[in-house]
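The values are calculated or read from the model by the stated rules, or taken from the named source; none is laboratory data. As the structure is a prediction and not an experimental result, all values here were calculated from the model. Cβ placement follows ideal geometry from the backbone for every residue including glycine, while neighbour counts extend to all protein chains displayed. These accessible areas exclude ligands, DNA and RNA; they are computed on the full protein's heavy atoms, side chains included. Shrake-Rupley method; radii C 1.70, N 1.55, O 1.52, S 1.80 Å.
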Amino acid sequence: MLQLTWSWQPALYLFLGGMGAGAFVMAAVLFLIDRTRHRLIVCVSMWAALASLAVGLLLLLSELITPARGLLMWQSFGHFTSWMTYGAWGAFAAMAVFAVSALLATRPVGVWLATKWKWFEKHGVALRRVLAVVGIVLGAFVAVYTGMLLMSAGGVPLWNTPLLPALFTVSAFDTGVALVEIVAVLLSKKDALAPKARVIMERAVVVLVLVECVVMAAFLASMLGADDQTAMGATAASSAALLVSGGLAACFWGMVVACGLVLPLVMAAAGLVLHRRGGKKPCSKRLQGALMAIGAAGALIGGCELRFLILAAGIHADVVAETVRSLIG
């Protein structure tokens with residue numbers, strides 16, 4: 001029996017929030033590496049990161065509480081002993097930093113500030129660097145929180161493991177890189193990726209996919225190997241079985257593993273091989289762009305489907321019934 005308590009809004013938030021956080025981290029890294037190049041890619045990626053996080057957070061608020069009341073965050077999230085509160089404030093702080101960074105990355109805004117404000121003319125670049133570093137920290141926090149939100153939900157063994165935040169964090173960075181890659185491909189005629197930046201992103205994809213595979217394997221193995229003599233262990237094994245060999249297996253192996261992991265890994269590896277063989281020719285650059293776009297699209301599809309499947313497979317354990325049986329026995 002699938003989990004039916006949480007609907008599609010939280011699943012989409014887990015995807016959009018994590019992807020937005022990861023996209024800002026990748027855009028900030030590109031800016032810190034070389035602030036004179038990829039201005040348009042960095043700018044659009046930061047705006048995309050902000051939009052993703054904002055839409056995701058609104059979806060989460062609409063599911064958890066009354067949407068209008070959710071906008072009064074200081075009243076809705078004042079209980080500073082829960083991950084919900086930490087995550088909400090952290091997400092809003094990230095949105096503020098993302099928004100300021102995106103504004104300053106927008107060329108007309110930067111030029112206007114430099115002409116009107118002498119301090120910004122001298123220290124504007126330093127300010128953007130500080131915001132980039134702060135944004136990376138907040139983005140990492142938001143990525144972790146997308147997993148902690150589910151982990152803190154009681155009675156669902158599939159979610160009650162530190163491996164889930166680890167899995168969602170790696171996936172957030174992976175889908176974030178994919179979003180920046182899509183932006184780079186779409187803007188390739190106006191702001192082409194430098195070979196160094198392209199290699200960095202493709203290597204990041206390879207590393208992140210491999211790490212995600214390891215974390216996912218550990219996550220599923222721990223669930224399948226749980227003690228089936230207890231309600232929590234039996235439910236954990238049943239949830240994992242749904243993903244691996246049950247009713248959700250086709251989507252899991254096809255969309256998450258094949259499309260979301262194998263395809264991006266193969267495309268990134270092929271891009272690195274082309275670069276080593278001399279990817280400066282126009283035809284080679286077009287092929288590299290196509291490979292990057294295909295891999296990024298696969299990563300986004302797989303990353304989104306992963307959240308929906310993990311949420312759907314989160315069966316609640318009947319701990320009360322087990323306790324009653326143990327008392328009667």
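Name the residues in the stretch 196-218 that are more than 16 Å from L263 (Cα to Cα), surrounded by 15 or more Cβ atoms within 10 Å (Cβ to Cβ) and at pLDDT 95 or above, would you? Steps first, please.
At the first step, the residues of the stretch 196-218 found to be more than 16 Å from L263 (Cα to Cα) are 196-200, 214-218.
Among the residues that remain, those that are also surrounded by 15 or more Cβ atoms within 10 Å (Cβ to Cβ) are: 197-200, 215-216.
The answer is V215, M216.
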What is the number of the single condition among (1) in contact with a helix residue (DSSP H, G or I) (Cβ under 9 Å, 6 or more places away or on another chain); (2) open to solvent by 10 Å² or more (accessible area, probe 1.4 Å); (3) modelled with pLDDT of 80 or more that L14 does not meet? (2)
Restricted to the stretch 167-189 and to residues being closer than 20 Å to R307 by Cβ, among the aliphatic types (A, V, I, L, M) and buried (at least 24 other Cβ atoms within 10 Å of the Cβ), the residue farthest from the chain's Cα centre (by Cα) is V180
Out of L224, L248, L263, L242, sole residue that is crowded, with 20+ Cβ neighbours inside 10 Å, of a type in the set (A, V, I, L, M) and without any contact (Cβ under 8 Å) to a residue 40 or more places away in the chain: L263
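Only one residue in S52, S45 is of a type in the set (S, T, Y), part of a helix (DSSP H, G or I), within 17 Å of A91 (Cβ to Cβ) and open to solvent by less than 50 Å² (accessible area, probe 1.4 Å). Which one? Steps first, answer last, please.
Numbers: S45 fails: within 17 Å of A91 (Cβ to Cβ).
Being of a type in the set (S, T, Y), part of a helix (DSSP H, G or I), within 17 Å of A91 (Cβ to Cβ) and open to solvent by less than 50 Å² (accessible area, probe 1.4 Å) holds for just one of S52, S45, which is S52.
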Please name all residue pairs, on different chains or six or more residues apart, with Cβ atoms under 7 Å, provided the first residue is in the stretch 111-140 and is under 25 Å from F173 (Cβ atoms) and the second residue is open to solvent by less than 90 Å² (accessible area, probe 1.4 Å) and of a type in the set (S, T, N, Q). R128/S101; L131/S101; A132/S101; G135/S101
Is there a residue in the stretch 229-239 that is more than 18 Å from the chain's Cα centre (by Cα) and surrounded by fewer than 16 Cβ atoms within 10 Å (Cβ to Cβ)? yes
Search the stretch 291-305 for residues that are surrounded by 18 or more Cβ atoms within 10 Å (Cβ to Cβ) and pair each with any residue that is at pLDDT 95 or above and β-branched (V, I, T) when their beta-carbon atoms are under 6 Å apart and the residues are at least 6 apart or on different chains. A296/I182; A299/T175; L300/T175; G302/V256; G303/T175; E305/V256
Looking at the stretch 134-152, is at least one residue crowded, with 23+ Cβ neighbours inside 10 Å, among the hydroxyl-bearing types (S, T, Y) and modelled with pLDDT of 95 or more? no
Run N160 past the list (1) buried (at least 24 other Cβ atoms within 10 Å of the Cβ); (2) assigned to a loop (DSSP other than H, G, I, E, B) and report the number of the one that doesn't hold. (1)
